[in-house]
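> Handing you this structure, nothing more for now.
Quick note: the coordinates plus some simple rules give every number you see, no bench work behind them. Note that the structure is predicted; figures quoted are calculated from it, not measured. Note that each Cβ is placed from the backbone with ideal geometry, even for glycine, and that neighbours are counted across all protein chains shown.
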Amino acid sequence: MDNSNKIVPPHLNAEIYRTDTTGTSTLSYLDYIRIHSDGSVLVGSSELTGRYWNGGVSVYKGIGEAQSIKTEDKRSIPLCSGTADGCFIGSSSKLLICEDNGAVSVWVKNSDQQNAWNQWREDLSVAEHDNAVLAVDCLEPERLFATTGADGNVKVWDINDMVCIRNYSAAHTMTINTVAVKPKSAHSFATGSMDQYVTLWDDNTDKAVMDIMKNDCSIQCLAWLDENRLVAGDEAGVLHLIDMRNTETNVKITEFPAAVHKLVVQPNSDKVAVCCDNKIVTVCKVEENSEPKVIYHDRHMHSNYVRGAAWDIEDKNTLHTVGWNGELKSHTVSLD
């Protein structure tokens, strides 16, 4: 057989890949949902398939419109990275978005409604986290917000000027997965990390107030039931109840077959919705002087991981969830 004399350029494969326009479509893996008091719905997604790992945020006028989500629909706000969390700032026309590239950005709705391709504009953006920003919660409405990231840092922001007014560098020794502001407080908040600690902070001080809990595996999510009781979900699938009046002991509420990913407490209630690293949605009732119990359990509505949940603002028995199947589902939860 004769040797081939054809010269193959050394970067031919890379050049073909660069110029190829096939297979660039992505699927929207819905990661979180927030519902404003006026009924507007914020849904964040990360698009982690295809050639480009981007993300985006969509804002809908109501749940009905949000349930028509299609994976190929254009996002209201396209992002150049994924987004793990975000929230409304005051009105439904202003958003705070956490991005995987370390940025925290403020977006406002354009007053010119005729421009369908540019409904939102980025007002402020600061990339001070050294890794993905994973969680955000509000300390003072329309002004102070706390963020945590995979860099192990906690930052408190004055979003009016987008200035970090308190930086807890190396707050944890590993990724900080969650932050939860204490009810009726504009200063205290708790964080949970892969370093297995749940820690209490006060933005008036430059050090941690105390380590609330030392677990035997990663803390994935936190949620306050009231000023004294904190619920924590961990990587082993255990749901813990911590009483701030006696942090020496914590109660195991229940155990799930997968890591707990998200906790959402119904306002002024003892009901907490739980999403794990599976397609199951669970609601637990955690009354102060009674045995915790599971009051709702669904494993059929979603066909992929459930990532986010939000309680309906009008019907207290309705829970809305989003997940990696790209759909929003509504659950009717009994009071009992």
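> Where in segment 56-171 are there strands (runs of 3 or more DSSP E), lying wholly inside it, with at least 1 residues that are of a type in the set (S, T, N, Q)?
Once the strands (runs of 3 or more DSSP E) in segment 56-171 are filtered for at least 1 residues that are of a type in the set (S, T, N, Q), what remains is 91-98, 104-109, 120-126, 144-149, 163-168.
> Let me ask another. Condition test on residue 202, is it touching a strand residue (DSSP E or B) at 6+ places or on another chain (Cβ under 9 Å), within 15 Å of residue 139 (Cα to Cα) and free of Cβ contacts under 8 Å to residues at least 40 places away in the same chain?
yes
> Can you pull out the strands (runs of 3 or more DSSP E) entirely within segment 214-284 that have at least 3 residues that are in contact (Cβ under 8 Å) with a residue 60 or more places away in the chain and out of contact with any helix residue (DSSP H, G or I) (no Cβ under 8 Å at 6 or more places or on another chain)?
Fully inside segment 214-284 and qualifying: nothing.
> Checking residue 230 against (1) more than 23 Å from residue 282 (Cα to Cα); (2) in contact with a Phe, Trp or Tyr (Cβ under 6 Å, 6 or more places away or on another chain), which single condition isn't satisfied?
(1)
> Also, I was wondering about something else. Quick one: residue 191 ticks every box in (1) among the polar types (S, T, N, Q); (2) crowded, with 19+ Cβ neighbours inside 10 Å; (3) in a loop (DSSP other than H, G, I, E, B) except a single one, so which number is it?
Here residue 191 meets the rest and fails (3).
> Need pairs with beta-carbon distance below 7 Å; first residue under 20 Å from residue 332 (Cβ atoms) and within segment 291-308, second assigned to a loop (DSSP other than H, G, I, E, B) and small (Gly, Ala, Ser); sequence gap 6+ or separate chains.
As it stands, the answer is 295/334; 296/334, since those pairs meet every condition given.
> Could I ask something else about it? Take segment 194-210 and flag every residue that is in a strand (DSSP E or B) and farther than 25 Å from residue 84 by Cα.
Once the filter is applied, which keeps residues that are in a strand (DSSP E or B) and farther than 25 Å from residue 84 by Cα, segment 194-210 yields only 210.
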